[in-house]
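To start, I am sharing the structure in question, which I have written as structure tokens.
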Amino acid sequence: MITLGIETSCDETAMCLLETQDNQYKILGNIVHSQIETHKEFGGVVPMIAKREHIKNLPIIYEKILKDSGVNENQISRIAVTNGPGLEPALWTGILFAKDLGKRLNIPVIPINHMEGHIVASLLSTSSTQKDFAELKPLDFPTIALLISGGHTELIEVDNIGSYEVLGATVDDAVGEAFDKVARMLELPYPGGPEISKLAEYARNNNIDKQISLPRPMIHSKDMTFSFSGLKTAVLYTLKKIENVTVEQKQDIAREFEDAVTEVLISKTKMAIEKISTQSLIIGGGVIANTHIRKSFEQLAKEYSLSLYLPASGLSGDNALMIALAGTIKPSNDYEGFKADGNLSL
Ligand code: KG4
Ligand code: ZN
């Protein structure tokens, strides 16, 4: 069976052609077109510009993926498309494209929750460019998923693929959003996560003096709720006290910010591990590209003897492979009439 995955929830126009046979999957084509350069000058994603770019790019990417993979569109058996959460004008572009194509090819169109996509992305045992058949990593339930992206920060109890319970989420900013906002304060380009990460790495590798300290919001609260807006404000106040911020001070702030975020994520995840008594941990979302956070979770997994499921290279950020994969797992019920839902929850 060949599934076409479509992802347009934010600023990536992405498509994937995924072939599945028994429990094996093969990537026939996987394209992620980033709009970062278009949004950069605005310091963040502008929903109506994202919509315009998706509308322009979807047919071009569709033609290209068919041509590059040598797949005839009549071989496609189903379409999986993100219907939320995300920017609604952007989500609609993918949904309308998918529905038109589904009608023309007379095949089902399956709505996929973007966050479920991030969960299943971490179960793929291959990289985004692997061309052979491969199996999903074996996984026992229940397990826990920590989802950390530009729009979300949540700990999920996963009782099965498709069966989720939110254990805790952020009450304000998402982790990635905090990275992006702090980066803007430090006058770093968008998206800020990788930029902060670079400065923080430099500070760690070169033992830059630790001059500032930031709070670890809600680290002692007894629940799995997160809050990152206070941390962002603490960076703002720290910067206000300094007249001319030096590069070293920026590196120091970046490292301290990353440490604060990591400690909170680790502490809340420990709570979830102890509550669910699981032997595994899934982490998904763009922020897990962060080297320090990744290493810290590898350490945590060792400490608790957990199997750790992380996205392979090229699959932590938004992509359509994860949407196609989720679409192969979900039954092809009649989903006619489904809509974009910017706040769709798991
Ligand atoms: O999952 P994703 O690609 O899109 C959403 O669904 O939001 O995540 C994007 C977020 C952005 O906030 C970006 O700054 C952050 O992931 N990010 C990082 C790193 N790479 C991307 N944050 C910290 N360190 C990184 N290396
Ligand atoms: Zn995402």
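The values are calculated or read from the model by the stated rules, or taken from the named source; none is laboratory data. This is a predicted model, so every value here is computed, not measured. With ideal geometry, Cβ positions are generated from the backbone for all residues, glycine too; neighbour counts draw on all protein chains shown.
Look at the range 1-11 and say how many of its residues are within 14 Å of ligand 2 (Cβ to nearest atom) and either over 14 Å from residue 62 (Cα atoms) or not in a strand (DSSP E or B) (or both).
Number of matching residues: 4.
Of everything in the range 98-115, what is within 16 Å of ligand 2 (Cβ to nearest atom) and over 12 Å from residue 81 (Cα atoms)? Give them in sequence order.
Residue satisfying the conditions is 115 alone.
Looking at the range 42-65, I want the residues that are farther than 24 Å from residue 17 by Cα and have a partner that is polar (S, T, N, Q) with Cβ atoms under 8 Å, at least 6 apart or on another chain. Which pairs are those?
45/35; 49/35; 49/38
Filter the range 94-119 down to the residues that are in a loop (DSSP other than H, G, I, E, B) and either at negative phi or at pLDDT below 95 (or both) and list them by number.
Scanning the range 94-119 gives 107, 108.
Can you tell me which of 90, 98, 121 is over 17 Å from the mean Cα position of the chain (by Cα), buried (at least 20 other Cβ atoms within 10 Å of the Cβ) and closer than 29 Å to residue 40 by Cα?
98
Next question. Those residues that are over 27 Å from residue 124 (Cβ atoms) and in a helix (DSSP H, G or I), I need them from the range 30-52; list them, please.
37, 38, 39, 40, 47, 48, 49, 51, 52
Now for a separate question. May I ask you to list the residues in the range 291-332 that are farther than 19 Å from residue 268 by Cβ, part of a loop (DSSP other than H, G, I, E, B) and touching a residue at least 60 places away in the same chain (Cβ under 8 Å)? Spell out how you get there, then give the answer.
Taking the range 291-332 as the starting set, the residues that turn out to be farther than 19 Å from residue 268 by Cβ are 291, 305, 307, 311-332.
Cutting the leftovers down to part of a loop (DSSP other than H, G, I, E, B) gives us 305, 311-320, 330-332.
Selection gives 311, 312, 313, 314, 315, 316, 317, 318, 319, 320, 330, 332.
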